[in-house]
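One structure is given below, encoded as structure tokens.
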Amino acid sequence: MADKTTAPPQFNAKYVKLGTVVVMVSLFSLAILAIVLTALENIEEEVEQKIKESLQTVLRATQEAHHIWIQHRLLELGNTAQSERIVVATDILNNPASPSIMRSSAEANIERSFSQMMETYQDKAYWISDPQGRVLFSNQRVPPKQVHPLFELKRDKMEQVIDGESLFITGLPQQNKHSNNMYFSAPIIDLDQQVHGALIVSVNQRDHFSRITQLGRIWNSGETYAFDRNGLMLSASRFEEQLHRVGILEPGQDAINSLYITEPKENLSNASQALTLMAQSAIQGNTSFNIKGYPDYRGVNVVGAWTWQPSYDFGLTTEIDKAEAFQIYYRTRNIVVLGIISSLLVAVSLFLLLYFSQRNAKQNLRQARVVLEDRVKERTADLEASQQELRTAYRELEKLAVTDSLTGIPNRRCADEFLEQEWRRAQRGGYPITIMLIDIDHFKLFNDHYGHPAGDVCLEKVAKTLIETGICKRPGDLIARYGGEEFIAILSNSDFDYAEFSANRLVKAINNAEIPHQFSLVENQKNVTISVGVSIAENADIGLAEIIDLADKALYLSKQNGRNTFRFKLPEADSAKPNPDSSAKASG
């Protein structure tokens, strides 16, 4: 009887132990699942952040490169339109009474003026029209006095051109396939600022514009492209061969000015169809991104960043196939899932075996974690290598810039090119040009005592103050950083009085800025001051190098005379003019 009464308790004890094992296995599985889900979520967020940053970096770099290229073209076209040769030729062609020999000569002069530009940029065509838009001359066959389409399709823009503004124009309604969709236009202006007509150039979108855009192609599927307000592609597509193969593009057809940014089932070269999510957002003026994925014009799920550029009226986007962008995360996730499944199977076996295999279970788990960490580190290293490639591409784009990275004003390269250009214009136009060399007094002492970071801040403040003086009022004026603590001011068509007024204003402005410099050796000054050397060339008898040398000698004279002042050093022919010794403190 005693044996019979003790049997049930022994059975219950075994049952409780089995239940404990089930509970432990369940709790362990839930804990592992929670850890895995949290880890995968964190990894996914980190990968999304890095992809977002990469896309936005490439987008900003390409946007800046486009801005530099467009501004350079506008400046070059504006200079051509204001040249005496073009102005005179336009007047001759616009005068019905002009003899045929004069008209032939004028047309020949125009062709010579544009031959190098057309060869350099591979532009398609150019036109010269009167202020009403009637074409006077073109390298294309145009009926006499026909109104250029821009004056009908973009009348508001062309009115701005006739008012004296050079513009980049795109976003035209597409009348037929392959029609051009990108133009530069500049007013033809004489020295008296009278508008004689308009100069229009049709841009070869496949050349410089598309090549700049193609710099934003990252990895194997990354693409950067531009589009207009109608959703029409303005640059070359990386996937034209694929688009031809699936029938989105006709045989021999380019994506430029033919492909609308719509989903493939909608992409019938018809802007009335639904645009992609990215295009709809950008056309509304939004700058945004999407890392979750959306179909592009090929129907491929991509991630991207985009912006709309209201100044130029076109959008820009950088996209990459989501599968490639997230391949590191997908591989990591698969490795983690496989590792966790293996761990759970091992754990179940270990718990079923109870105490016999506890040590082996812990060792296997540690090994699995080490393998997982190594895999994550390996994938992270791959991602960092890709990031380095992006940074290298971005630095290559930055080389195109002509802005001083510290002060934000034009740098020496820009100043040299600008001065050479203005010098030639001054010689052709027969008007004077003023050069001012500006040097911060005792800047080495400033750096020695305040440190180089403070010196950089000082340079930024000085540059900002010089710009805010407002002495540069015309297109031919410029203030730039010339090197170290030295700046240069170029004033075209400025007489002696305005040069003196401008130099005095610069000195006074820096004094009024009150940038502390307790270690300055300038008399009665404990703030940053400048010395200015000024020279004026009033005729073509003096060379550019000589006038710069005279300005440098004038700067030396300013330093010899106590600094915080300015001096003139004029060419020998102008030596009879006064050579004032004035400073901000003396005249203000």
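What the table shows:
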{"read-out": "Those residues of the stretch 242-256 which are open to solvent by 10 Å² or more (accessible area, probe 1.4 Å) and within 29 Å of the chain's Cα centre (by Cα), in sequence order", "value": "D254, I256"}
{"read-out": "Contacts under 6 angstrom Cβ, first residue in the stretch 17-46 being within 23 Å of T380 (Cα to Cα) and part of a helix (DSSP H, G or I), partner at pLDDT 75 or above and among the aromatic types (F, W, Y), 6 or more apart", "value": "E44/Y329"}
{"read-out": "Flag if A323 is open to solvent by 30 Å² or more (accessible area, probe 1.4 Å), assigned to a helix (DSSP H, G or I), small (G, A, S) and at pLDDT 85 or above", "value": "yes"}
{"read-out": "Test: K553 is modelled with pLDDT under 90 and of a type in the set (D, E, K, R)", "value": "no"}
{"read-out": "Yes/no for A274 being in contact (Cβ under 8 Å) with a residue 12 or more places away in the chain, over 29 Å from A385 (Cβ atoms) and either out of contact with any Phe, Trp or Tyr (no Cβ under 8 Å at 6 or more places or on another chain) or open to solvent by 30 Å² or more (accessible area, probe 1.4 Å) (or both)", "value": "yes"}
{"read-out": "Test: residue in the stretch 503-513 that is in contact (Cβ under 8 Å) with a residue 12 or more places away in the chain, buried (at least 17 other Cβ atoms within 10 Å of the Cβ) and either in a loop (DSSP other than H, G, I, E, B) or of a type in the set (S, T, N, Q) (or both)", "value": "yes"}
{"read-out": "Answer from S98, S115, S166 - the residue that is open to solvent by less than 70 Å² (accessible area, probe 1.4 Å) and touching a residue at least 60 places away in the same chain (Cβ under 8 Å)", "value": "S166"}
{"read-out": "Single condition W308 does not satisfy, out of (1) under 24 Å from N220 (Cα atoms); (2) at pLDDT 90 or above", "value": "(1)"}
{"read-out": "Whichever residue in the stretch 120-148 is in contact (Cβ under 8 Å) with a residue 24 or more places away in the chain and open to solvent by 30 Å² or more (accessible area, probe 1.4 Å) and, among such residues, is nearest to S104 (Cα to Cα)", "value": "N139"}
{"read-out": "Residue in the stretch 211-223 that is open to solvent by less than 10 Å² (accessible area, probe 1.4 Å), among the charged types (D, E, K, R) and farther than 28 Å from S138 by Cα present", "value": "yes"}
{"read-out": "Total residues in the stretch 183-198, condition touching a helix residue (DSSP H, G or I) at 6+ places or on another chain (Cβ under 8 Å) and either without any contact (Cβ under 8 Å) to a residue 24 or more places away in the chain or part of a loop (DSSP other than H, G, I, E, B) (or both)", "value": "2"}
{"read-out": "Residues within the stretch 370-390 that are of a type outside the set (D, E) and under 15 Å from L40 (Cβ atoms), tallied", "value": "5"}
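To keep it simple, each residue is scored yes or no on (1) over 30 Å from L478 (Cα atoms); (2) not in a helix (DSSP H, G or I).
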residue	(1), (2)
I70	no, no
L74	no, no
L77	no, no
R85	no, no
T90	no, no
S105	yes, no
F114	no, no
F137	yes, yes
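The values are calculated or read from the model by the stated rules, or taken from the named source; none is laboratory data. If you're wondering where the values come from, they're calculated on a predicted model, not measured in any experiment. Using ideal geometry, Cβ is built from the backbone for each residue, glycine included, and neighbour counts are taken over all protein chains shown. To get the accessible areas, we keep the full protein, side chains included, count just its heavy atoms, and leave off ligands, DNA and RNA. Shrake-Rupley method; radii C 1.70, N 1.55, O 1.52, S 1.80 Å.
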